[in-house]
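Down below is the structure, laid out as structure tokens.
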Amino acid sequence: MTDARSDRPHVTVDVVSDVVCPWCFIGKRRLEKAIALRPDLDVTVRWNPFFLNPWVARDGISREEYLTTKFGSVDRYKDIAQRIVGTAAEEGLVYHPDKIARQPNTLDCHRLILWAGENGAAGRMKQRLMDLYFTEGGDLTDREVLVRAAADCGMDAEKTRARLASEEDVDTVSAQAKRASDAGIDGVPCFILDGRFAVSGAQSPDYLADAMGRAVEQRNAPDTALA
């Protein structure tokens, strides 16, 4: 199948991820590099919510409490974090784990991404939230931080502030995240190609580029799964 706007084959990539997942931060950049490797394909990316830490309260918790609960201690995570910091740097990203003071519940972040998609800016919103969290140590539990992020992405600040103060799309985002969980996705990032083939983890750009190509080639073989 080719897209009506192009003579290039079209492939849709549904990305299931969370803005506080460091491998999702890395995976997004690797996907962008993969798309650049396949100028022969017309790629549409759709961003789907996932709650990496659904147990975190809606107003967030301290980073220390989070790391102690999830990893046993702050020091234990420091050992894990160094490898991720190095991998992020290899992709041109900056991860400053020591700057993060508060661990958010990401429901409102995913609402922002959904709303940004109304103007085709979902990917931009996703990146801004990740940069805030991983690079700048921004507090994503602070509504004004979220409002400024929205404004940075071309959204109306006052309208966004009002929407965040409401329960608009809470059920929508929650249902989308539940569908991913019900489908068996328990680790992110997860890239779903053409709605049929799943690639799990922050795979290399070359691997993702090849997977997109195979998705197009195998479009007429619905029982064939990607390795």
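Bear in mind these aren't lab numbers, they're just calculated from the coordinates by the rules spelled out. This structure is a prediction, so every number in the text was calculated from the model and none was measured. Every residue, glycine among them, receives a Cβ derived from its backbone with ideal geometry; neighbour counts consider all protein chains shown.
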Check: At a Förster radius of 45 Å, what calculated FRET efficiency corresponds to the Cβ-Cβ distance of Lys78 and Thr12, to the nearest 0.05?
Finding: 0.70
Checklist line | Exposed-loop-free span, longest in the chain, where trypsin sites (Lys or Arg not before Pro) count as exposed if DSSP calls them loop and at most 11 other C-beta atoms lie within 10 Å | finding: 59-227
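How much length would be gained if the chain were fully extended between Leu37 and Glu90, taking 0.36 nm per residue of separation minus their Cα-Cα distance, in nm to one decimal?
Details: separation 53, 0.36 × 53 = 19.08 nm, distance 1.75 nm.
Extending this stretch completely gives an extra 17.3 nm.
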Notebook entry, point to check: Given the options Leu129, Leu67, Leu107, which has the most mean-square fluctuation in a GNM of the chain, springs set between C-alpha atoms less than 10 angstrom apart?
Noted result: Leu67
Item checked: Mean residue ellipticity (222 nm) of the chain, computed from DSSP H runs ≥ 4 via -39,500 (n - 2.57), nearest 500 -> -14500 deg cm²/dmol
Next item on the list: Could you work out which residue, out of Phe50, Phe191, Phe71, moves most in a Gaussian network model of the chain, that is, has the largest mean-square fluctuation with Cα springs under 10 Å?
Entry: Phe71
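Roughly how many debye, to the nearest 20, is the charge dipole of the chain about its Cα centre, given +1 on each Lys and Arg Cβ, -1 on each Asp and Glu Cβ, and no other charges? Spell out each step's value before the answer.
On the way: 30 positive and 36 negative charges, 25 e Å.
That gives a dipole near 120 debye.
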Item checked: For segment 131-141, Karplus couplings with θ = phi - 60° (6.51, -1.76, 1.60), whole Hz, Gly/Pro x -> 4, 4, 6, 7, 9, 9, x, x, 8, 7, 8
Next item on the list: Please figure out what share of the DSSP beta bridges in segment 1-77 is antiparallel and state it in percent, rounded to the nearest 5.
Entry: 10
Notebook entry, point to check: For the chain, modelled as a GNM with alpha-carbon contacts under 10 angstrom, which of Ala177, Ala150, Ala121 fluctuates the most?
Noted result: Ala121
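List nothing, just return the count: lysine pairs in the chain, 8 or more apart or interchain, with Cα separation under 19 Å.
On the way: Lys28/Lys126; Lys33/Lys126; Lys70/Lys78; Lys70/Lys99; Lys78/Lys99; Lys126/Lys159.
Step by step, the pairs that qualify in the chain add up to 6.
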Margin query: Full-extension gain between Glu65 and Ser166, please, as 0.36 nm times their residue separation minus the C-alpha to C-alpha distance.
Written below: 33.6 nm
Notebook entry, point to check: Distances over 28 Å make up what percent of all Cα-Cα pairs in the chain?
Noted result: 32
Next item on the list: Only bridges with both residues in the chain count here: give the DSSP antiparallel percent, nearest 5.
Entry: 60
